[in-house]
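Each remark here refers to the structure printed beneath this line.
Any read-out appearing in this document is the output of simple, stated calculations on the displayed coordinates, not a laboratory observation. On a predicted model such as this, the values are computed, not experimentally measured, just so you know. Here the Cβ positions follow ideal geometry from the backbone for every residue, glycine too, while neighbour counts run over all protein chains shown.
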Amino acid sequence: MVTFACALIVFTLPRFVFNTLRGATIQTPAQDTAKAQVVAPATTVTAAPRSLGSRLTGIFGIILILGIGVALSRNRRAISRRVVGWGLGSQLVFAILVLRVSYGRDFFSWLGATVTKILSFSYAGSEFVFGEIGKQHSSLGVIFAFQIMPAIIFVSALFAIMYYLGIMQIVVKAFAFLMNRSMGSSGAESLNVAASIFMGQTEAPLTIRPFLPRMTLSELMTVMTAGMAHVSGSIMAAYIAFGIEARHLLTAVIMTAPGTIMMAKILEPETGVPETRGGVKVDIPRTDVNVLDAAARGTSEGLHLMLNVIAMLISFIALIALVNGLFGWIHGVVPWFPETLQTVLGWIFRPIAWVMGVPWH
């Protein structure tokens, strides 16, 4: 529950920064309309309001979210001001770069298209095995199990090969150096956060799989928060296939990355010594004989993960339907009782949506 709350907090922070940034300068109505059409993120239904009250609501939201994190912290005295400062500052820089600088928008659009292209290669395998129902643009529409889930197997095999070739070890070292100089996080957790921007909770941990058993509690909190706060690459590809613009999705997930580390370190401050921090030597033993052996092992691990995801989806969606059926029966007897679980959750999270800038009604 604490991890879910942390992920929810991280997911809302970009909206606070976005609203505050949008209200930081005085624009003419024409400029407001034009820029709103360009920079509005995917999570926005209407353009962000410009009134002073709305701007103050965004600032209040940032303070409130940070306050909730501190209140739930396991060790308040160990919270690093450096992490908080870099977390908020990085989100502000990302907001300016992605939302207001044309070169930044173009770069992240290209980056999103590149990742989507890489993920799309998984359709070659799914189409061969499943035929029409596995095609990227199937006449039967999007079928989650046969079109989206195979991406997990593909990503697992791809990263197993990259580990065997030593590519991921270099990346881990690079992230360890950069994050240690800025937010003080370890290379492994930083790599996981960066991977979560496109891969999400299921695929991203595969990039740091050898380090997971030796991670500290704070690192594991960061890994779990990153997975729950971001959108996986396979789901992002599905959204793009539905017509959602990649730039809008990246606006949200890129700004969430530094917030993930910040909130995780507030809730679970680092008190241990991460293996991949700073100049720690990264030594991953090679158990694979060759590239094909690495690909085969990655495929088997990806299959196990994919089956777990499918089983969890079936189970929890069915359980929610069961609860909704019970709520609907009670609602038929007692009209004032909520009809669905979604209604109850809407009541609970309505204040959070309001401090994000969404109108109360």
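Ordering 184-191, 353-360, 286-293 by mean Cβ neighbour count within 10 Å, with the highest value first, yields 184-191, 353-360, 286-293.
The mean of 1/r over all distinct Cα pairs in the range 142-231, once inverted, gives the Kirkwood hydrodynamic radius of 13.5 Å. Within straight-line reach of LYS117, meaning a Cα separation under 15 Å, sit the following aspartates and glutamates at least 8 residues removed in sequence or on another chain: GLU245. Whole-Hz Karplus values for the range 222-229 come out as 5, 4, 5, 5, 4, x, 7, 8 Hz, taken residue by residue from phi with 6.51 cos²θ - 1.76 cosθ + 1.60 and θ = phi - 60°; glycine and proline positions read x.
Under 1.5 on a/c is rounded, so check that first for the range 87-214, then, if it is not, pick prolate when a/b is larger than b/c and oblate when it is not; a ≥ b ≥ c are the square roots of the alpha carbon gyration tensor eigenvalues. Judged from the Cα gyration tensor, the range 87-214 comes out oblate (a/c at least 1.5, b/c at or above a/b). Packing around the peptides 328-336, 95-103, taken as the average count of other Cβ atoms within 10 Å per residue, puts them in this order, highest first: 95-103, 328-336. Between the range 293-361 and the range 82-143, the alpha-carbon centres lie 24 Å apart.
Determine the relative contact order of the range 107-192: mean sequence separation of Cα pairs under 8 Å and six or more apart, normalised by residue count, in whole percent. Worked out over the range 107-192, it gives 16 percent.
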